There are 2 protein chains.
Amino acid sequence: MSSDSTPQSKANQATIAYKLLKQDIINGVHQPGDKLLMSHLKESYDIGAGPMREALSQLVADRLVTAISQRGFRVAEMSLEELTDIYDARAHLEAMITELAIERGDEDWEATVLGEAHKLARVNEINTPDEMLEVWDSRHKAFHTAIAQGCGSAKLLELRASLQDQAERYRHLWLKKTVFSQSALEEKRREHADMVDALLTRDTVKAKQLMYEHLISPIPIIKQLML
Amino acid sequence: MSSDSTPQSKANQATIAYKLLKQDIINGVHQPGDKLLMSHLKESYDIGAGPMREALSQLVADRLVTAISQRGFRVAEMSLEELTDIYDARAHLEAMITELAIERGDEDWEATVLGEAHKLARVNEINTPDEMLEVWDSRHKAFHTAIAQGCGSAKLLELRASLQDQAERYRHLWLKKTVFSQSALEEKRREHADMVDALLTRDTVKAKQLMYEHLISPIPIIKQLML
DNA sequence: AAGAATAAAAATGTAGATATTTTTAAATAA
DNA sequence: TTATTTAAAAATATCTACATTTTTATTCTT
């Protein structure tokens, strides 16, 4: 039966360990700078050293882990500098992708964006604050992804995904410690509405600016949390 | 002394194999779509299966190799679509980075760019056509890297490097089959001079446009070679 | 020819051997 | 004593050789 939660039926051990460890690093189970001891990892993820190294190599490529030959692996450090760099790079990249999406997006793209925006705006109808945040986050991501898809470039979308992955640890910091006020939510909703408007009227300059500002706005908030 | 040919004194087997295999893929020793048989790889690179898998995983992250669980590894396919996507994405990204470099670059940046441009322009003094092409390529890369450094974002430079890596196979196709005419070389020289001029006068719009056009210009030529 | 059974090839994983680094303790010198 | 070097031990990372599982090719059967 293919009714398991993991769509790919027969992932190998390295892939399984990669996903678990990545999630654990993003969620802060392993803290920045922590030594990733092979003996400990082998036990935690119930796996041999070979596949474990394979998983670690991939995380090094993702920049979530650092390696020094003969001295093993560590969780990559986090810093205010990196936070700023990731978010700023992401904002610039996403603004550029938005410009291309406006230029290249067809009617299907418009429809999808509109649909995701609608779903996102309706999130406040769910009440449990904990559940709300999770659903809001997932729909928020879907909304932005829908916009980005319009650019039509697989490579640019890959770069975007890479930065998004690297931002996750910082973003997680924010999501776990923030309680959304109704007014903050309302402000976000307006930002998104303005963005949809700029996209559909094909106002490139405005859309780029809104996107850039939307994406760098969490920087000062996360900076606070890191001090 | 740090002047040995192998900069990192004690790289592990996986790292060594990664570099060798990557180079072999870029240089077409292993062709797109080729099966990378473990038994063959082990022999070629004189290494065990564990470290070899580690190297392959990293190349999967680089998009130079594809993997299917339980069915091994293959050299990633090449296609006209991917060629266009990589080069277009690269051109857009580099144009954006150029804009930031103009905005953020200081006097040291200007000086470095000017210096690299000078070295590049003087390449034609070398005569062996074979040697010439190699030196020209390396200085050309150095010139563009010098420009990009001005953006000051480590993350954007990483994204740039990633696309450049992926473009290498296509670029290699071009470099190996092209003999530079004196006029073609002269045209490039003029393009670079114009670019330096736009950069130093901080003419953002012009610099972006020149950069974009400079980077997409090889597309039709490489397309020809791929047919 | 289509399908099942079998054999061969290949990928993946495990356990233990080897090499390197880090820690600890002892010895030496200031 | 205090600091520094040296030597040994422990911990750790890495690699190899072999075992297991899965896929692919071949043969056999109907």
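The values are calculated or read from the model by the stated rules, or taken from the named source; none is laboratory data. None of the values given here were measured: they were computed from a predicted structure. So basically every Cβ, Gly included, is an ideal-geometry build from the backbone, and we count neighbours across all protein chains shown. Keep in mind that these areas ignore ligands, DNA and RNA; they rest on the heavy atoms of the full protein, side chains included. Shrake-Rupley method; radii C 1.70, N 1.55, O 1.52, S 1.80 Å.
Pull out a ≥ b ≥ c, the square roots of the eigenvalues of the alpha-carbon gyration tensor of the stretch B:13-75, then state rounded if a/c is under 1.5, prolate if not and a/b is larger than b/c, and oblate in the remaining case. It comes out rounded by the Cα gyration axes. In this assembly of identical copies, the label point of A:GLU187 (Cα plus 7 Å along Cα-to-Cβ) is separated from its counterparts by 5.3 nm, sorted shortest first. The candidates B:THR98, B:THR15, arranged from most to least accessible area with a 1.4 Å probe in the full protein assembly, appear as B:THR15, B:THR98. Relative to the dominant Cα principal axis of chain B, helix B:49-61 is inclined by about 30°. Toward the positive end of the charge dipole of chain B, with +1 on the Cβ of Lys and Arg and -1 on the Cβ of Asp and Glu, the farthest Cα among B:GLN58, B:LEU227, B:GLY152 is that of B:GLN58. In summary, the aspartates and glutamates within cross-link reach of A:LYS35, defined as a Cα separation below 13 angstrom excluding same-chain residues under 8 places away, comprise A:GLU77. Compared with the dominant principal axis of the Cα atoms in chain B, helix B:154-177 is inclined by about 80°. In chain B, taking the dipole from charged Cβ atoms about the Cα centre, the farthest positive-side position among B:TYR45, B:PHE143, B:LEU215 is held by B:TYR45. Considering only A:LEU175, A:THR98, B:TRP109, and ranking their Cα positions along the charge dipole of the protein assembly as shown that arises from unit charges at the beta-carbon of Lys, Arg, Asp and Glu, the one farthest toward the positive end is A:LEU175.
Per residue, how much space in cubic angstrom lies within the convex hull of the C-alpha atoms of the stretch A:1-127?
Values: hull volume 26.8 nm³, N = 127.
So the per-residue hull volume is 211 Å³.
Where a ≥ b ≥ c are the square roots of the eigenvalues of the C-alpha gyration tensor, would you call the stretch A:122-197 rounded, which needs a/c under 1.5, or, failing that, prolate if a/b is larger than b/c, or oblate? It is oblate, given that a/c is not under 1.5 and a/b is not larger than b/c. Less than 5 angstrom separates the built amide H of A:LEU36 from those of A:PHE73, A:ARG74, A:VAL75, all sequence-distant by 5 or more or on a different chain. Placing +1 on each Lys and Arg Cβ and -1 on each Asp and Glu Cβ, with no other charges, gives the stretch B:80-226 a dipole about its Cα centre of roughly 260 debye. This model, with +1 at the C-beta of Lys and Arg and -1 at the C-beta of Asp and Glu, gives the protein assembly as shown a dipole about its Cα centre of some 1100 debye. Starting from the Cα gyration tensor of chain A, take the square roots of the eigenvalues, sort them a ≥ b ≥ c, and report rounded, prolate or oblate (rounded when a/c is under 1.5, otherwise prolate if a/b is larger than b/c, else oblate). Prolate, because a/c is 1.5 or more and a/b exceeds b/c. Accessible-area rank, largest first, for A:HIS40, A:HIS192: A:HIS40, A:HIS192, with all protein chains present and a 1.4 angstrom probe. Taking 7 Å steps out from each Cα toward its Cβ at B:LEU225 and A:GLU107 produces label points 4.2 nm apart. Dipole size of the stretch B:13-75 about its Cα centre, with +1 on Lys/Arg Cβ and -1 on Asp/Glu Cβ: approximately 180 debye, rounded to the nearest 20. Once you reduce the stretch B:71-111 and the stretch A:99-138 to the center of their Cα atoms, the two points are 29 Å from each other. Per-residue ellipticity at 222 nm from helix content only, as computed over chain B with -39500 (n - 2.57) for each DSSP H run of at least four residues, stands at -23500 deg cm²/dmol.
For the stretch A:144-189 versus the stretch B:204-227, the inter-centroid distance based on Cα atoms is 31 Å. As a length-normalised measure over Cα pairs under 8 Å and 6 or more apart, the relative contact order of chain B settles at 24 percent. Label points for A:SER69 are taken 7 Å from Cα along Cα→Cβ. From this copy to the others they lie 3.2 nm apart, shortest first. Only Cα sites of the protein assembly as shown enter the Debye sum here, all with the same form factor; the resulting log10 I(q)/I(0) across q = 0.06, 0.09, 0.13 1/Å is -0.30, -0.70, -1.44, listed in q order. Note the angle between two axes, namely the Cα long axis of helix B:182-200 and the longest principal axis of the Cα atoms of chain B, as a number of degrees from 0 to 90, rounded to the nearest 10. Tilt of helix B:182-200: around 70 degrees.
Across the identical copies, the 7 Å label point of A:GLU134, projected outward along Cα→Cβ, sits 5.9 nm from its counterparts, in ascending order.
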